[in-house]
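Visitor: I have a structure here, written as structure tokens, and I will follow up with some questions on it.
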Amino acid sequence: MNKTRLLRIVAAIFIALVAVTILRYILGFTPKGEIIKLDTGWNVSINSNTYENVDITKIYQIFDGKLQKNDRVSMWITLPDAGKLDFPVLHFKSRYTTLSCYIDDNLIYEYGLMDYADGKHIGKVNHFITLPEDYAGKTVRFTMYVGEKNPFSSLEPVTLGSQPDVERMLTHDNNQIIITGFFLLAFGLAFLCITLFFITSVPEVITLLIGSVFSMSMGLWLLSCYNILSMYMNAPDETIIEYITMYSMVPFCYVMLYLIQNIENKKLYLITAIVGCTIPIMQYILHFVFGIHLRSTLLLYHVDGLVGFGLIIYFAQKNLRKRDISSSSMIQMAGLCGFTSAEVVHLLFYFASTLLHISIYQPLEKGIISIGCIYFAMCQLANYLVNIAETYATKKENISLSHLAYADGLTNLANRAKSDSCLQSLNDTEDDYCIISIDLNGLKPVNDKFGHLAGDKYIKDFAKVLGNTFGDDTFKARIGGDEFLVIIKDSSVVDVSALIGRMNSALNVLNALYPEYRRSVSTGYAFRHECPGQSSHEVYLLADQRMYELKRKMHEELGMHMRL
């Protein structure tokens, strides 16, 4: 990996870390009142079995097995006195269950019972349950009916405090996710619009488009995975978005790999990719057509995702060994590796907490996945900038090559090949035009007496006079050693004789300033209307004939033989 490429990757990581750190500092939080975490001391009943003094963050310890659909879980505790609270609330996060909340056997809150009765999907929900002012010393009871197999093995602590403090604390605890998620949505949308705007000038535009949509999908997944979208929509819809966007990650990775990699065995790769992309499609069909909830097929995603991650690792090490992809593709590959690595760590944390019941430090978990997503986005941006730079350089090189092909090396005017092309294009127009044939007088004597450098200067001085006399909208070319051509496409508004007179006057000024030799030209011009029904070549021949007639007269007046 060269230093420039390494610098880009390091810069992307640095930007991601700085952005997250600064925003966490800005969004710091200090509660105005007391906030109490209720995690221990609960009484819990599961169906007909009752347990005392349970830590709900380790509720798996009292399970005989996994919770099954339709199980009934009830848990209760006496509320402590948190002092004077403005708008006291309980915050509780349920997972794939209904929720009924009682204070001293009086129902004060209910969620999901209708959906549960209808067999609909019940997602993860943040509940903010308003308490009476005299809540202290009363018993709060949560009753839940399980809507999915194995909905949870632990629960987050129930939070008691004033509503503004509890809500702000929840926002603060998830500010990394909120910032990253909304940034990815905004970045992906803006990047998509920019990419579509430059679709004709940016190579590998398909990869850039896929990357922008992938960024938006990442943002939606983050916001729904940590229940941020539930502030704006129904919880079941949020959970569906979570699984749809999560399952779509694998197809995105397969498509991006196909676009940026040099794949040797394409047949084998396409078979693997088709299977990998078909799995989430089948999961969507099972959910929306047959009512088999997306969460029920989560194991398929885990297997599919690990296979996809293995492919990314394979191609990454292949790129490092062979260096067989472009700088642009290498940047995108780095972004893909960064995100998928963070996603695998996130998956390992999930297995550790659900299967091994290992407590994971939440800021670490959220920080790793946030940095992985932002790093992917920064690599997309770096890739776009590299594409723009390479496109600009290629365009500049093409213009330079085109100029070399059609420009006269001495005068920088158009050459004979370009003039032939311009003459041919005149046949496709209906406008009147004028062709001026110009021949330098006395170039050979200047070369013989003063040398070819002086002759070249004579030619270049005349080219400047020609450029100053005729505007930028007029075609000017050097078609031979001392032969020049001018084409005026809109001759109806131009006084050609006056322009030729001004050109001769400019040459006379040069003769007065530099009298070592005399500069002059012979000219002849013709209009299209003088050759009705004939091609531009015939018009040029008429102009050339008139030029030679003028040259002959000039030589006769000077008593010189005309050089053919």
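Readers should treat all values here as calculations from the given coordinates under stated rules, not as data from a laboratory. Owing to the predicted nature of the structure, the values given are computational and were not obtained by experimental measurement. With ideal geometry, Cβ positions are generated from the backbone for all residues, glycine too; neighbour counts draw on all protein chains shown.
Visitor: Give the residue from HIS91, SER215, MET282 lying farthest towards the positive end of the charge dipole for the chain; charges sit on Cβ (+1 for Lys and Arg, -1 for Asp and Glu) and the dipole is referred to the Cα centre.
Guide: SER215
Visitor: Using a cut-off of 13 Å between beta-carbons, work out the net charge of the residues near GLY33 (Lys and Arg +1, Asp and Glu -1, GLY33 not included). List each step's numbers first, then the result.
Guide: Numbers: positive: LYS32, LYS84, ARG168; negative: GLU34, ASP81, ASP86, ASP165, GLU167.
Once all neighbours under 13 Å are counted, the net charge is -2.
Visitor: By a straight-distance test (C-alpha under 18 Å), which aspartates and glutamates pair with LYS84 as possible cross-link partners, with residues fewer than eight away in the same chain excluded?
Guide: Leaving aside aspartates and glutamates fewer than 8 places away in the same chain, those within reach of LYS84 are GLU34, GLU133, ASP134, ASP165, GLU167.
Visitor: Could you pull out every one of the lysines with an alpha carbon less than 16 Å from that of LYS266, ignoring same-chain neighbours closer than 8 positions?
Guide: Result set, ordered by chain and number: LYS318.
Visitor: Compare the Cα positions of SER437, MET503, TYR540 along the charge dipole of the range 416-558 (+1 at Cβ of Lys, Arg; -1 at Cβ of Asp, Glu; about the Cα centre) and return the one farthest towards the positive end.
Guide: MET503
Visitor: How large is ³J(HN,Hα) for each residue in the range 177-187, as worked out from phi by the Karplus curve 6.51 cos²θ - 1.76 cosθ + 1.60 (θ = phi - 60°), to whole Hz, x for Gly and Pro?
Guide: 5, 4, 4, 5, x, 6, 4, 4, 5, 5, 4
Visitor: Taking LYS366 as the anchor, which aspartates and glutamates have their alpha carbon closer than 17 Å to its alpha carbon, excluding any fewer than eight residues away along the same chain?
Guide: Those aspartates and glutamates meeting the cut-off are GLU156, ASP173, GLU242, GLU343.
Visitor: Picking from THR297, ILE263, CYS225, whose Cα lies most toward the positive end of the charge dipole for the chain (charges on Cβ: Lys, Arg +1; Asp, Glu -1)?
Guide: Result: ILE263.
Visitor: Continuing with this model, one more query. Evaluate Rg over Rh across the range 320-363, taking Cα atoms for both radii and Kirkwood's formula for Rh.
Guide: Using Cα coordinates only, the ratio equals 1.25.
Visitor: When Lys and Arg each count +1 and Asp and Glu each count -1, what net charge do the other residues less than 15 Å away from VAL494, Cβ to Cβ, add up to?
Guide: Net local charge, VAL494 excluded: -2.
Visitor: Something else now. Given Cβ point charges of +1 (Lys, Arg) and -1 (Asp, Glu) and nothing else, what value in debye, to the nearest 20, does the dipole of the range 416-558 about its Cα centre take? All intermediate terms of the calculation are to be shown ahead of the outcome.
Guide: Numbers: 18 positive and 22 negative charges, 138 e Å.
For this selection, approximately 660 debye.
Visitor: Which option, (i) 23.3; (ii) 27.8; (iii) 30.6, is the value of Kirkwood radius over Cα pairs in Å that was calculated from these coordinates?
Guide: Checked against the structure: label (iii).
Visitor: Is there a quick way to get the dipole size of the chain? I mean about its Cα centre, with the Cβ of Lys and Arg at +1 and of Asp and Glu at -1; what is the value in debye to the nearest 20? Intermediate results must be reported in sequence, preceding the final value.
Guide: Values: 48 positive and 54 negative charges, 368 e Å.
Rounded to the nearest 20 debye, it is 1760 debye.
Visitor: While we're here: What ranking do ILE488, ILE325 get, fewest neighbouring Cβ atoms within 10 angstrom at the top?
Guide: On the way: ILE488 22, ILE325 17.
Listed from fewest to most nearby Cβ atoms, that is ILE325, ILE488.
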